[in-house]
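These notes concern the structure reproduced below.
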Amino acid sequence: RIPDRPWLPYVAPMAAFLILTAIEGLVSKRNGQTLPLAYAAAYGSKAVLVTAAAWACRSTWRDLRPCPSVMVLAVSVALGLAVAALWVGLDGKVPPLPLTEKRAAFDPGQLPEAARAAFLAVRFYGLVLMVPLVEELFWRSFLVRWIAHQDFRQVPIGRVTPPAAVVTAGLFALAHPEWLPALITGFLWVGLLRWSRSVAACFVSHLVANLALGGWILARGAWHLW
């Protein structure tokens, strides 16, 4: 919709997600303690607003062409499960980077029963659909190509230069408290992008990884991972 700013539909949903995540932490705590209802309301508001931003920028969804083959789909799913195993396996084994912001580690058991079910539904929507959509369109569709050429539309999806691989994986790591598994994941997914020539493959892998990780968190009460 803004011809001279083709980057904007890719960046706006990601920027909204990061800004609202920062605000979420500010409005849901008092004296260092998370307020259950305030956190649930803040996360729900973030989900609505980021979804609205993604919908307003849905022109970018054209990059999510279906996976080119059953093999690519199968590899994407397998890699997603491997990524989830990587995050679980490295949990608690890697020291945090200085000044790293910790996750809220919010236990939904603190909420009233009716609110708990609604929060978990919204939280899993955010984890499994919203975040993979926004992040893959930003990291693997836009930024990988923009680093290769500022008129990123000239760069075919799946073309990955070494600087693009290093920079996107590094920034992906810095955007997560679990920096080492995030760094490895960043390289794995940019490798998947280069091999498959498909952002949809990365989206599927991200979705599967987050779904598996969400199941682990729920089963084990490992709230610090979300």
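Here is a yes/no grid of residues against (1) within 14 Å of E101 (Cβ to Cβ); (2) not polar (S, T, N, Q):
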residue	(1), (2)
A15	no, yes
L18	yes, yes
T21	yes, no
L26	yes, yes
K29	yes, yes
A42	no, yes
V48	no, yes
T51	no, no
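The set of residues in segment 54-111 that are touching an Asp or Glu at 6+ places or on another chain (Cβ under 9 Å), surrounded by fewer than 18 Cβ atoms within 10 Å (Cβ to Cβ) and under 30 Å from G158 (Cβ atoms) contains only L90. Please go through segment 173-185 and give me each residue that is in a helix (DSSP H, G or I) and surrounded by fewer than 24 Cβ atoms within 10 Å (Cβ to Cβ), ordered by number. If the condition is that a residue be in a helix (DSSP H, G or I) and surrounded by fewer than 24 Cβ atoms within 10 Å (Cβ to Cβ), then A173, L174, W179, L180, P181, A182, L183, I184 are the ones that fit.
Taken over segment 193-226, the criterion of being part of a helix (DSSP H, G or I), surrounded by 23 or more Cβ atoms within 10 Å (Cβ to Cβ) and either more than 14 Å from the chain's Cα centre (by Cα) or modelled with pLDDT under 95 (or both) is satisfied by L193, S196, A201.
Within segment 94-112, the set of residues being on the phi < 0 side of the Ramachandran plot, among the small types (G, A, S) and under 18 Å from the mean Cα position of the chain (by Cα) comprises A104 only. Within segment 54-63, the set of residues being free of Cβ contacts under 8 Å to residues at least 60 places away in the same chain and assigned to a helix (DSSP H, G or I) comprises W55, A56, R58, S59, R62.
Cβ-Cβ distances below 8 Å connect the following pairs, each with a first residue in segment 197-222 that is more than 25 Å from C67 (Cβ to Cβ), a second residue that is surrounded by fewer than 24 Cβ atoms within 10 Å (Cβ to Cβ) and acidic (D, E), and a separation of six or more residues or different chains: G221/D107; A222/D91. Counting just the residues of segment 1-49 that are without any contact (Cβ under 8 Å) to a residue 24 or more places away in the chain, assigned to a helix (DSSP H, G or I) and touching a Ser or Thr at 6+ places or on another chain (Cβ under 6 Å), which one comes out farthest from R153 (Cα to Cα)? Restricting to residues being without any contact (Cβ under 8 Å) to a residue 24 or more places away in the chain, assigned to a helix (DSSP H, G or I) and touching a Ser or Thr at 6+ places or on another chain (Cβ under 6 Å), the top hit is A38. Of the residues making up segment 136-172, those that are aliphatic (A, V, I, L, M), part of a helix (DSSP H, G or I) and under 21 Å from R58 (Cβ atoms) are L137, L143, V144.
The values are calculated or read from the model by the stated rules, or taken from the named source; none is laboratory data. In this text, all values refer to a predicted model and were calculated from it rather than measured experimentally. Every residue, glycine as well, gets a Cβ built from its backbone with ideal geometry; the counts of neighbours run over all protein chains shown.
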